[in-house]
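Scroll down for the structure; my scribbles are underneath it.
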Amino acid sequence: GTCHKCGPGNPSQPNRAAAGQPRPQTIDAFMCPDHTKIPLQVKSKFVDYCVDFCCTDLRPFDIVSGEGFTKVAQGLINIGARYGSVDANGVLPHRQTVCDRAKKQAMVEKEALSEVLKSAVHDNGGVAITTDMWTDDFNRRSYTVLTCHYITEDWKLASRVMCTVEFDCTLPKTAINIHEQINEQLCSYGISFDQVVLVSDQGSNIKAALKNYYWIPCAAHVLNTILKHTFSGSDIEEVTKMIDACKGIVKYLKKASANTALPHGLVQDKIDMLMQKKNLHRIIGNLIYPLSFEATDSPETSSPTAPRTSTGEGKEKRPRVDFAEWADDAADVGLTNEMKRYLAAHFTLDDCDEDRLRALARRILCVPASSAASERTFSSAGRVIEARRNRLNPGTVDSILFLHSARKAKNKPPTAPYSPFKPKLGLLYLI
């Protein structure tokens with residue numbers, strides 16, 4: 001009902017709406033701050049502060065939209081709201097204080113990650129590790145990076161940077177030295193080579209260092225090797241000449257500083273122009289056709305295969321996989337019985353109580369197809385070790401990259417969990 005003191009029925013109280021007075025604010029107005037309350041003049045003045053900040057310290061303009069900058073600004077606003085107008089020099093810490101705190105936080109979070117990895121190894125199925133090596137452009141220091149990948153309890157893929165450690169410049173990059181460094185870092189997390197699946201490129205030294213363990217070559221590097229050998233052959237000389245010509249044009253225009261004079265990007269214009277040439281389609285067609293049918297049309301083949309038809313006549317059947325070599329691995333009667341019970345059931349693996357099948361699924365799903373995670377870490381390292389920070393201690397670099405990965409994992413938006421498990425045959429699809 002209407003309040004007896006301020007309602008329209010009380011002549012002693014004037015009508016606020018009729019008098020043009022603002023209505024009293026509700027509690028929602030206090031709980032949900034309205035950004036439009038800040039006067040435009042104040043916002044404009046703060047923009048001037050941001051311009052001064054970027055131009056004085058030579059920082060990129062997009063720094064003001066970064067998540068870290070926003071948190072710092074919010075923290076300063078909260079301090080000012082509680083303690084009033086204070087001198088910024090009394091609030092901002094010394095650079096060495098920030099550096100020491102970063103190392104301390106990295107050490108604490110590495111201990112927490114160690115517990116997570118040990119639990120993933122012993123209880124949740126397993127962990128996959130990617131590794132690679134990189135040399136910075138300023139001090140020519142070599143770094144070895146390790147990233148870990150595992151499936152959480154709620155069936156989500158988690159990826160973290162474990163370490164970015166300097167490789168001793170006094171030692172050669174032999175398989176033994178690389179093996180010892182990786183083993184030292186794994187031991188610091190409480191895990192060993194035998195408990196993880198390793199993914200790396202096919203470098204001879206890294207491959208030799210990991211050959212005695214569960215090692216998988218990086219699929220991206222394998223494809224790159226295939227393409228290099230493909231385009232280095234003499235059978236596609238027209239294509240290679242065209243690619244070399246395009247590279248020469250781009251190199252010349254960049255060297256002559258003429259690339260900026262083009263109305264659009266040089267690469268896009270060149271591709272559009274080439275795709276309009278029917279000759280290019282002919283070249284590609286001549287390239288693909290012999291590669292597709294060389295095995296069937298070549299006179300050297302001893303048993304040519306009949307061409308496939310829409311009705312399936314003459315189609316070769318895929319040979320059945322012989323699992324006899326897996327007999328030793330399947331000797332575990334308990335696991336075999338679990339598999340039989342799972343296949344006979346009418347539920348998904350996510351609802352299954354068979355712990356070993358769940359662990360097997362996590363062990364398979366956590367393995368990445370490539371070592372791209374290590375490559376991305378090196379991209380971040382290239383932004384950390386720059387011209388104005390080329391004297392950073394390797395330990396500081398490790399802490400920064402580790403905390404960067406941890407913050408990204410923490411602030412990553414929630415994703416849908418894995419759901420590859422179909423009734424009865426879900427696990428077989430993984431195998």
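Scan segment 49-70 and report the pairs whose first residue is modelled with pLDDT of 90 or more and whose second residue is open to solvent by 70 Å² or more (accessible area, probe 1.4 Å) and part of a helix (DSSP H, G or I), with Cβ atoms within less than 6 Å and a gap of 6+ or a chain change.
These pairs meet every condition: C54/F61.
Checking the conditions here, which among S419, S370, S399 is assigned to a helix (DSSP H, G or I) and either at pLDDT 65 or above or over 30 Å from G203 (Cβ atoms) (or both)?
On the way: S419 fails: assigned to a helix (DSSP H, G or I); S370 fails: assigned to a helix (DSSP H, G or I).
That would be S399, the only listed residue that is assigned to a helix (DSSP H, G or I) and either at pLDDT 65 or above or over 30 Å from G203 (Cβ atoms) (or both).
Please enumerate the residues belonging to segment 137-155 that are within 30 Å of A387 (Cβ to Cβ), open to solvent by 10 Å² or more (accessible area, probe 1.4 Å) and assigned to a strand (DSSP E or B). Talk me through it step by step, then tell me what you get.
Taking segment 137-155 and keeping what is within 30 Å of A387 (Cβ to Cβ), we get 137-147.
Then keep just the ones that are open to solvent by 10 Å² or more (accessible area, probe 1.4 Å); that gives 137-142.
Hit for segment 137-155 is S142, nothing else.
If you scan segment 367-383, which residues turn out to be in contact with a Ser or Thr (Cβ under 9 Å, 6 or more places away or on another chain) and open to solvent by less than 60 Å² (accessible area, probe 1.4 Å)?
Passing the criteria: P368, S370, S371, A372, A373, S374, T377, F378, S380, A381.
For Q181, indicate whether it is farther than 20 Å from S379 by Cα and surrounded by 16 or more Cβ atoms within 10 Å (Cβ to Cβ).
Working: farther than 20 Å from S379 by Cα: yes; surrounded by 16 or more Cβ atoms within 10 Å (Cβ to Cβ): yes.
Yes: the conditions hold for Q181.
Restricted to segment 209-232, and to residues that are within 24 Å of Q195 (Cα to Cα) and part of a loop (DSSP other than H, G, I, E, B), which residue is least open to solvent (accessible area, probe 1.4 Å)?
Filtering first and then ranking leaves C218.
Out of segment 154-171, which residues are touching a helix residue (DSSP H, G or I) at 6+ places or on another chain (Cβ under 9 Å) and either within 12 Å of N205 (Cβ to Cβ) or not small (G, A, S) (or both)?
To start, the set of residues in segment 154-171 that are touching a helix residue (DSSP H, G or I) at 6+ places or on another chain (Cβ under 9 Å) comprises 155, 157-168, 171.
Of everything in segment 154-171, those that are touching a helix residue (DSSP H, G or I) at 6+ places or on another chain (Cβ under 9 Å) and either within 12 Å of N205 (Cβ to Cβ) or not small (G, A, S) (or both) turn out to be W155, L157, R160, V161, M162, C163, T164, V165, E166, F167, D168, L171.
Counting only residues that are open to solvent by 80 Å² or more (accessible area, probe 1.4 Å) and in a helix (DSSP H, G or I), which one in segment 77-95 is nearest to L401 (Cα to Cα)? Walk me through it before giving the result.
Going through segment 77-95, the residues open to solvent by 80 Å² or more (accessible area, probe 1.4 Å) turn out to be 77-78, 81-83, 85, 87, 89, 92-95.
After this cut, where a residue has to be in a helix (DSSP H, G or I) as well, the list is 77-78, 81-83, 89, 95.
Working: I77: 28, N78: 28, A81: 33, R82: 33, Y83: 34, N89: 28, R95: 17 Å.
So, considering only residues that are open to solvent by 80 Å² or more (accessible area, probe 1.4 Å) and in a helix (DSSP H, G or I), the one nearest to L401 (Cα to Cα) is R95.
Of all residues in segment 384-396 being at pLDDT below 90 and in a helix (DSSP H, G or I), which is least open to solvent (accessible area, probe 1.4 Å)?
Among them, the one singled out is A387.
Quick one: in segment 156-171, of everything that is touching a residue at least 24 places away in the same chain (Cβ under 8 Å) and either in contact with an Asp or Glu (Cβ under 7 Å, 6 or more places away or on another chain) or among the acidic types (D, E) (or both), which residue is surrounded by the fewest Cβ atoms within 10 Å (Cβ to Cβ)? Even if it seems obvious, please write down each step before you answer.
Start the filter on segment 156-171 by keeping residues that are touching a residue at least 24 places away in the same chain (Cβ under 8 Å), which leaves 156-167, 169.
Subsequent filtering for residues that are either in contact with an Asp or Glu (Cβ under 7 Å, 6 or more places away or on another chain) or among the acidic types (D, E) (or both) retains 163-166.
Working: C163: 25, T164: 26, V165: 20, E166: 17.
The extreme case among them is E166.
If you check K103, K118, which single one turns out to be closer than 20 Å to T377 by Cβ, at pLDDT 90 or above and not hydrophobic (A, V, I, L, M, F, W, C)?
Values: K118 fails: closer than 20 Å to T377 by Cβ.
On inspection, the qualifying residue turns out to be K103.
For I243, are the conditions met, namely being in contact with a strand residue (DSSP E or B) (Cβ under 7 Å, 6 or more places away or on another chain) and in a helix (DSSP H, G or I)? Walk me through it before giving the result.
Details: in contact with a strand residue (DSSP E or B) (Cβ under 7 Å, 6 or more places away or on another chain): no; in a helix (DSSP H, G or I): yes.
No; evaluated as a whole, the condition is false for this residue.
Could you check segment 190-200 and list, in sequence order, the residues that are touching a residue at least 12 places away in the same chain (Cβ under 8 Å), open to solvent by 10 Å² or more (accessible area, probe 1.4 Å) and not in a helix (DSSP H, G or I)?
Correct list: G190, V197.
The values are calculated or read from the model by the stated rules, or taken from the named source; none is laboratory data. A quick note: this is a predicted structure, and the numbers were derived from the prediction, not measured. Note that we place each Cβ from the backbone using ideal geometry, even for glycine, and neighbour counts take in every protein chain shown. Just the protein is used for accessible areas: all its heavy atoms, side chains included, with ligands, DNA and RNA removed. Shrake-Rupley method; radii C 1.70, N 1.55, O 1.52, S 1.80 Å.
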